[in-house]
Amino acid sequence: MGTISKRNARLPLRPSSTQLKSAITYILLTASVLLFLNYYTSNTLRNMIFSAQQRSMEDKAQLMATALLQTQELSELPVSQTVNSLEDVHTTRTVVTDGTAVALYDSLEAGNATGKMIFFPEILHALQGNQVFFCQYEDEAIESRVAIPLMRGGEIHGVIYLMEYDRDQGALIAALERNVLSISIALEIAIVLMSVFFSMAFSRKMQRILHSVRSMRDGDYANQIEIKGRDELSRLSREFNDLAERLDASEQRRRQFVSDASHELKTPLASIKLLSDSILQNEMDVQTQREFIGDIGREADRLGRLTQKLLTLTKLDSALEEEREVLEGAAVVNKVVRMLKPLAQLRSITIEHSAQEVKLRMVEDDLYQIVFNLTENAIKYNLDQGWVGITLAREKDQIILKVEDSGVGIPEEALGHIFDRFYRVDKARSRAAGGAGLGLSIVYDMVKRNYGEIHAAKRDGGGSVFTVTFPPFEEQEVAE
Ligand code: ADP
């Protein structure tokens, strides 16, 4: 695995375009939200302060207007006395003009405009009978101006103009805006960093998966993806590893099968070659030649049987439902016994069989082939004057086929392997009996594709017993 991680480490950390797109979208979206939040907070705060300022300035101007309108005449002295008597009214600048915009009072010391005309736009507007308010936030200070007309008997006699320059409230706005902005920037930086981090992590995982998928495409199934965690990519990787393992196992089985099959095919071919070379190269009488040719024929038969078995095995995919049909179990067992009796008789082996009238729903030839292979083995691996027993019966809701023999038996350690392809306990004996170690694996595959189970065991009193069970066939009753 070390080489794999090294190879992975060399992979470029290019974020996948999907991930890059979603990261950029996310960053832009959060940036817009933060920008809007900044604008909204600052705007609301300014508006709140401006309207509080307007209320306070207009109240002050009204208070001053009420006091001024009580004086007999609007001239410099009474106006200045009245304004100075209003202790509660604090402003940066207070100006009172007459109806012609000439200042009667100005609180400014430097640049005092008393006696001069003042053309402030607010004053000119107020002289036309309007109440004017203006407020702005600039250079971290709030500047607000109010101007109201002094009306007596429906006529405009002058204007009160108040101006305030407030640094405290301005500083408050500035501090708050700065804080919100700093928090937003910090937040956005964190979001960008996190997006980059997750993008890179995602892309690293993606690269690893891609790398493994490519290796698998090139036939290297051993390349596992090393991804920890519980997210979707980790789960995908685990599924992928599982798939790779299965493919690897199946590939190894395929290779093993091909190599075993070639080996098996080579042996009779080598014998044929040897025998034909002997005939060609050696002077021999007709009788010996005939014997050699007979041997060649037997080897050719062996090859034929072997290829037939190999073909059967490769075709044993799971059977389609429509390929199954209802079979008479007893008839199949009787047929097998009839076929194999001559072989048994050659070595004085007795076959006892008892088959109940059971019906099975299976692929047509499978049951015959299963009973045939098991019985043939029971004869092949038996002793002379031995015994073979076949029973087929329904027990509870299972159909049980049992093939027993009093033969050589199967050693304990071999029991777990006898269904493997090309497995033979005693190669010499099996070869002599014409076997290639494929009969039982054909039986196994056939039992499995008909939803059955098969089990091999030692028989009490010597020999072996093969038990095949098929699950209840409910449809079978329907089919009857
Ligand atoms: P073969 O074609 O060699 O008979 P099988 O797949 O039918 O191959 O059987 C595999 C091996 O299992 C045989 O080589 C034999 O050693 C052993 N075997 C199978 N059936 C029996 C049996 N009834 N008694 C003892 N050994 C058996």
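When the residues of the range 352-361 are filtered to those that are open to solvent by less than 50 Å² (accessible area, probe 1.4 Å) and in a strand (DSSP E or B), the one that is nearest to the ligand (Cβ to nearest atom) is 355.
So which pairs qualify, if the first residue must be in the range 45-68 and over 12 Å from residue 145 (Cα atoms), the second must be of a type outside the set (A, V, I, L, M, F, W, C) and in a helix (DSSP H, G or I), the Cβ gap must be under 6 Å, and the two must be at least 6 apart or on different chains? What qualifies is 49/169; 67/82; 68/82.
Assigned to a helix (DSSP H, G or I), modelled with pLDDT under 85, loosely packed, with under 11 Cβ neighbours inside 10 Å and of a type outside the set (S, T, N, Q) - does that describe any residue in the range 226-237? Within the range 226-237, not a single residue is assigned to a helix (DSSP H, G or I), modelled with pLDDT under 85, loosely packed, with under 11 Cβ neighbours inside 10 Å and of a type outside the set (S, T, N, Q).
Every condition in (1) within 7 Å of the ligand (Cβ to nearest atom); (2) open to solvent by 30 Å² or more (accessible area, probe 1.4 Å); (3) more than 30 Å from residue 300 (Cβ to Cβ); (4) of a type in the set (Ser, Thr, Tyr) is met by residue 467 except one, and the failing one is (1). For the range 238-259, how many residues meet the condition of being open to solvent by 40 Å² or more (accessible area, probe 1.4 Å), under 13 Å from residue 212 (Cα atoms) and hydrophobic (A, V, I, L, M, F, W, C)? Summing the residues that are open to solvent by 40 Å² or more (accessible area, probe 1.4 Å), under 13 Å from residue 212 (Cα atoms) and hydrophobic (A, V, I, L, M, F, W, C) in the range 238-259 gives 1.
Which of the residues belonging to the range 85-94 are of a type in the set (S, T, N, Q) and surrounded by 11 or more Cβ atoms within 10 Å (Cβ to Cβ)? Please lay out each step first, then the result.
Residues of the range 85-94 that are of a type in the set (S, T, N, Q), as a first pass: 85, 91-92, 94.
91, 92, 94, listed by residue number.
Of all residues in the range 320-334, those satisfying the criterion of being surrounded by 14 or more Cβ atoms within 10 Å (Cβ to Cβ) and assigned to a helix (DSSP H, G or I) are 329, 330, 332, 333, 334. Filtering 413, 453, 364, 376 for residues that are within 12 Å of the ligand (Cβ to nearest atom) and either open to solvent by 10 Å² or more (accessible area, probe 1.4 Å) or more than 42 Å from the chain's Cα centre (by Cα) (or both) leaves a single hit, 376.
The set of residues in the range 379-410 being within 16 Å of residue 425 (Cα to Cα) and either open to solvent by less than 30 Å² (accessible area, probe 1.4 Å) or among the hydroxyl-bearing types (Ser, Thr, Tyr) (or both) consists of 379, 381, 382, 407, 409, 410. Of the residues in the range 287-309, at least one is of a type in the set (Val, Ile, Thr), surrounded by fewer than 17 Cβ atoms within 10 Å (Cβ to Cβ) and closer than 30 Å to residue 390 by Cα.
Determine, yes or no, whether residue 433 is within 12 Å of the ligand (Cβ to nearest atom) and at pLDDT below 90. So residue 433 passes the test. Could we say that residue 425 is within 8 Å of the ligand (Cβ to nearest atom), modelled with pLDDT under 95 and surrounded by 14 or more Cβ atoms within 10 Å (Cβ to Cβ) here? When the stated conditions are applied, residue 425 passes them. Applying the set (1) at pLDDT below 95; (2) open to solvent by less than 30 Å² (accessible area, probe 1.4 Å) to residue 480 leaves exactly one unmet item: (2). Scanning the range 212-225 for residues that are open to solvent by 30 Å² or more (accessible area, probe 1.4 Å) and part of a helix (DSSP H, G or I) turns up 213, 214, 216, 217. With respect to the conditions (1) open to solvent by 60 Å² or more (accessible area, probe 1.4 Å); (2) over 20 Å from residue 436 (Cα atoms); (3) assigned to a helix (DSSP H, G or I), residue 263 lacks only one, and its number is (2). Considering 277, 317, the condition of being surrounded by fewer than 15 Cβ atoms within 10 Å (Cβ to Cβ) and either in contact with a helix residue (DSSP H, G or I) (Cβ under 6 Å, 6 or more places away or on another chain) or modelled with pLDDT of 90 or more (or both) is satisfied by 277 alone.
The values are calculated or read from the model by the stated rules, or taken from the named source; none is laboratory data. These numbers come from a predicted model, not from an experiment. In this analysis, Cβ positions are derived from the backbone assuming ideal geometry, glycine residues included, and neighbour counts consider all displayed protein chains. The accessibility values were calculated without ligands, DNA or RNA, using every heavy atom of the protein model including side chains. Shrake-Rupley method; radii C 1.70, N 1.55, O 1.52, S 1.80 Å.
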